[in-house]
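As structure tokens, the structure follows; a few thoughts come after it.
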Amino acid sequence: MRLIHALVPILVVAQASMSACVTKNDALTPQVEPVYDTTTGKLRLLQYDSNGDGKIDTWSYMNGSQVVRIEVDRDGDGRVDQWQYYEGSQKVQKVGFSMRGDGKEDAWSYLGSDGTIARVEFSPRRDGKVSRIEHYENGALTRAEEDTDGDDRIDKWETYRESRLLVVAYDTTHRGSPDRRIVYDADANGRVEVDLKGTGHFVSSYLP
Ligand SMILES: [Ca+2]
Ligand SMILES: [Ca+2]
């Protein structure tokens, strides 16, 4: 799941949408529809038609002047494609996505202090649990860990260099550490190694 190229432009679009909301709200142009809390009178929502096709596609949920969450329907099919969550300091905390494009969140990206994506979490079973985490450095995937069988324990580890898969290790016996792994060379040919005793020392599976 190499999302990095897909995620960066989406982040930029969301930032642009938010700026548009905030700027236009001052003038209350017809494209931005503010919704106020009927009891407190606080601003709760800014609805925005970002591409001018007459359909609302951006919803900025507010706590007064603070942005709490922005939801965006980027392709105009009426389903939200992106959920952008803000911290109290108005920095983006995480951005949610729908890997199946059906309006349900199942992946979240987190930015590092350098502004690039540091981590992407996935919930492929959509059960409220994150079961795969990808780690990035300087925009490149470096490693990933995954609970492939849903028992809440990591059983697969992937190591990358410059986004190329170097090693994938598996815990096939549920002992909590990998017992076999595939090591790839520069031509993506893999060799299987095993660590039957759990000492952390892997040997070729073809040796007796
Ligand atoms: Ca959509
Ligand atoms: Ca597992």
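Things to note:
- What the stretch 78-177 shows is 51 Å² of accessible area per residue, with the surface traced by a 1.4 Å probe over protein heavy atoms.
- Cα-only Debye scattering, the stretch 93-208: base-10 log of I(q)/I(0) at q = 0.11, 0.16, 0.19, 0.23 Å⁻¹: -0.44, -0.85, -1.07, -1.24
- Here, the stretch 13-166 is characterised by an Rg to Rh ratio of 1.05, where Rg is the alpha-carbon radius of gyration and Rh the Kirkwood radius.
- Largest accessible area first, the residues 196, 166 order themselves as 196, 166 under a 1.4 Å probe with ligands, DNA and RNA left out.
- Of the GluC sites (Glu not before Pro) found in the stretch 139-168, those that fall in a DSSP loop while having at most 14 other beta-carbon atoms within 10 Å are 162.
- Under-29-angstrom lysine pairs by C-alpha in the stretch 13-166, whenever the two are 8 or more apart or on separate chains: 20
- Counted residue by residue at 0.36 nm each, then reduced by the alpha carbon distance between them, the extension gain from residue 116 to residue 166 reaches 15.7 nm.
The values are calculated or read from the model by the stated rules, or taken from the named source; none is laboratory data. Quick caveat, the model's predicted, so the values are computed rather than measured. Cβ sites come from the backbone with ideal geometry, for glycine too, and all protein chains shown count toward neighbours. SASA here: full protein model, heavy atoms, side chains in, ligands and nucleic acids out. Shrake-Rupley method; radii C 1.70, N 1.55, O 1.52, S 1.80 Å.
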